1. What number goes with the only condition from (1) within 14 Å of chain A (Cβ to nearest Cβ); (2) touching a Phe, Trp or Tyr at 6+ places or on another chain (Cβ under 8 Å) that B:SER177 does not pass?
2. Report, ordered by the first and then the second residue, all pairs with beta carbons closer than 7 Å, sequence separation of six or more or different chains, a first member in region B:5-20 that is over 20 Å from A:TYR118 (Cβ atoms), and a second member that is modelled with pLDDT of 75 or more.
3. Tell me, which residue of region A:90-113 that is open to solvent by 20 Å² or more (accessible area, probe 1.4 Å) and within 11 Å of another protein chain (Cβ to nearest Cβ) is farthest from the chain's Cα centre (by Cα)?
4. Does region A:146-159 hold any residues that are open to solvent by less than 10 Å² (accessible area, probe 1.4 Å) and charged (D, E, K, R), and which are they?
5. What single numbered condition from (1) in a loop (DSSP other than H, G, I, E, B); (2) under 23 Å from A:GLN153 (Cα atoms) fails to hold for A:GLY38?
6. Which of the residues that make up region A:64-89 are in contact (Cβ under 8 Å) with a residue 40 or more places away in the chain, outside any strand (DSSP E or B) and more than 8 Å from chain B (Cβ to nearest Cβ)?
7. Across region A:58-69, what is the number of residues that are surrounded by fewer than 20 Cβ atoms within 10 Å (Cβ to Cβ), of a type outside the set (S, T, N, Q) and closer than 19 Å to A:VAL202 by Cα?
8. Can you say whether B:VAL153 is crowded, with 19+ Cβ neighbours inside 10 Å, outside any helix (DSSP H, G or I) and of a type outside the set (Lys, Arg), as far as the supplied structure shows?
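The values are calculated or read from the model by the stated rules, or taken from the named source; none is laboratory data. Please read all numbers here as calculations on a predicted model, not as lab measurements. FYI the Cβ positions are ideal-geometry reconstructions off the backbone, even for glycines, and counts take in every protein chain you see. All accessible areas refer to the heavy atoms of the entire protein, side chains included, with ligands and DNA or RNA removed. Shrake-Rupley method; radii C 1.70, N 1.55, O 1.52, S 1.80 Å.
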Amino acid sequence: MPRDASTDKPLVELVNVTKIYPPDVVAVEDVSLRIYKGEILFLTGMSGAGKTTLIKLICRLETPTRGLIEVAGRDLSHISTAGVQRMRQKIGVAYQDFRLLDKQTVLQNIAMAMEVTYASTKVIRARVEELLALLNLSDKRDKRAGELSRGEQQRVALARAAANGPSLLLADEPTGNLDPAATELVINLFRHLNEKNGSTIVVATHDPSIYAETEHRVMTLNNGQLSAHPNRSPRQIELFEA
Amino acid sequence: MQFLAYILRQTGKNLRQTWGTPAMPLLTVTLSVLLFAFFFLIYTNMLRASARLGDDIRLIVYLDQEVTAQMRPGLEKKIRDFGPVEKIVFVSRSEAFARLSAQLDKEKDILNDLGPDFLPPSIEVYPLKNLNDLTKISQFSEFLLTLPHAAKVQSGSDWLRRFGYFTNLLRVVVLLSGSLLIISMTFIVSYTLRLTVLSRQGELEILRLLGATSAYIRLPLLLEGMMQGFLGSSLGLAALYFLYQYIASRFSGPGFLRLFDFTFFPPELTGAILLASIVLCTVGSLFSIRRFIRI
């Protein structure tokens with residue numbers, strides 16, 4: 001879903017955001033970024049560049065040392081606990097370390113995201129089946145998450161992040177453990193969410209294969225500082241300038 | 001409705017996952033309630049028996065000389081002037097002998113060698129029902145001893161005093177067991193819930209990340225505490241009821257229990273104990289939830 005930067009209001013806005021971990025580890029430095037509704041943004045960079053910190057800042061798992069972060073027009077530094085809870089129900093996050101419950105089944109792990117929104121069992125069941133089919137995991141539905149391979153666990157984590165049809169999906173290294181075929185499934189899932197739900201998707205990755213051919217915006221983090229990707233296409237330059 | 005269904009389902013899930021952990025507080029609650037309710041049951045029955053004994057009080061003035069018909073109105077007036085009396089009965093030597101003879105029934109032969117004069121004449125004073133204060137009874141006894149020809153006064157106040165001491169001791173035991181109940185329920189439930197929270201730390205963390213509300217995370221744990229209070233106290237009270245039935249069936253008759261008319265708690269008091277247990281366990285849960293779960 002191509003966006004029109006001139007009319008869209010940003011869904012996420014970071015203004016001069018800096019995050020310093022004690023004692024003096026600068027993870028993100030003076031980052032300003034606008035992410036628009038319906039956009040797919042690739043955040044690239046080496047390990048330790050600050051991609052995960054940026055994702056955590058956007059979903060308020062971390063708070064910035066300096067700067068302003070707004071999601072859907074709301075300043076995250078002045079949001080109530082209930083506000084954070086409501087926001088997290090609308091944001092899907094696929095963590096780098098998956099954060100699955102090993103003793104629970106694939107179905108239960110994915111359903112958990114919808115249960116906290118009090119969705120009906122019928123709706124949950126249908127949605128989980130749909131996601132499992134999209135990620136080629138239907139035969140793993142009743143397996144415990146701990147019994148799956150890393151690649152399968154990664155896809156379950158993505159399915160859970162996508163379960164509520166989030167307005168914003170943050171994926172941290174979503175293809176780190178996947179083979180090309182599974183990577184293709186994940187890309188298709190992102191495309192599906194973006195086109196069908198209008199979801200904004202932020203993908204933090206150091207895997208060039210998933211953004212090399214993209215026409216979407218690609219930004220690079222280097223030692224906590226954000227810049228446009230060096231090998232950007234004219235379209236990407238246009239988007240970055242916007 | 002959906003919300004309630006989720007909370008109940010989540011509570012059931014929690015209990016299934018950590019069924020061994022809540023078993024301990026359940027047992028503790030059951031035993032604490034049983035212990036407390038046992039002493040409380042004895043105490044309430046003792047209080048009732050004490051009240052009944054107070055109602056039946058009778059002061060007997062033994063005299064060293066028969067009271068003539070002329071003396072009776074004067075004596076009666078003196079007694080009634082001192083305090084409110086329900087009735088006064090004058091018992092002559094021959095009447096006392098006749099009574100004893102009737103009481104001995106088939107063994108009255110043993111009185112054959114004794115003449116009807118060996119028992120002293122007496123005045124039986126029945127105070128009004130409201131005279132159940134031991135001090136007042138003592139004062140009344142002292143006054144009766146000043147009557148003409150009074151040799152001795154028997155009031156049963158010593159026995160009542162000892163009964164009162166025992167009831168007071170029982171009150172202390174009830175208070176102690178009640179305190180034990182409060183401490184064990186709140187602390188054990190709170191401590192167990194802490195263990196549950198620690199064992200489910202990973203799941204609670206993920207729920208937080210997924211945007212679970214405070215109610216979604218906390219209510220099932222609170223319900224768990226309430227259920228422990230309800231189940232534990234129900235089991236404790238049920239055990240006490242069976243114990244009561246056993247004792248009542250073994251010791252009923254003209255003996256001890258008949259004298260005290262031993263009864264179980266009325267439904268209102270049973271409900272109050274149940275409710276108090278639920279509240280205590282809920283408070284214990286709440287304490288842990290507030291302290292160990294950060295939303």
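1. Among (1) within 14 Å of chain A (Cβ to nearest Cβ); (2) touching a Phe, Trp or Tyr at 6+ places or on another chain (Cβ under 8 Å), the lone unmet condition for B:SER177 is (1).
2. Qualifying pairs under 7 Å: B:LEU15/B:GLU224; B:THR18/B:THR196; B:THR18/B:SER199.
3. Applying the first criterion (open to solvent by 20 Å² or more (accessible area, probe 1.4 Å)) to region A:90-113 yields A:90, A:95-97, A:99-103, A:105, A:107-108.
Next, from what is left, pick out any that are within 11 Å of another protein chain (Cβ to nearest Cβ): A:90, A:95, A:99-103, A:108.
On the way: A:LYS90: 12, A:TYR95: 8, A:ARG99: 14, A:LEU100: 16, A:LEU101: 20, A:ASP102: 22, A:LYS103: 25, A:GLN108: 21 Å.
Checking each candidate, the answer is A:LYS103.
4. If the condition is that a residue be open to solvent by less than 10 Å² (accessible area, probe 1.4 Å) and charged (D, E, K, R), then no residue fits.
5. Answer for A:GLY38: the failing condition is (2).
6. Listed by number, the residues that qualify are A:PRO64, A:THR65, A:ALA72, A:GLY73.
7. So the answer is 4.
8. Yes.
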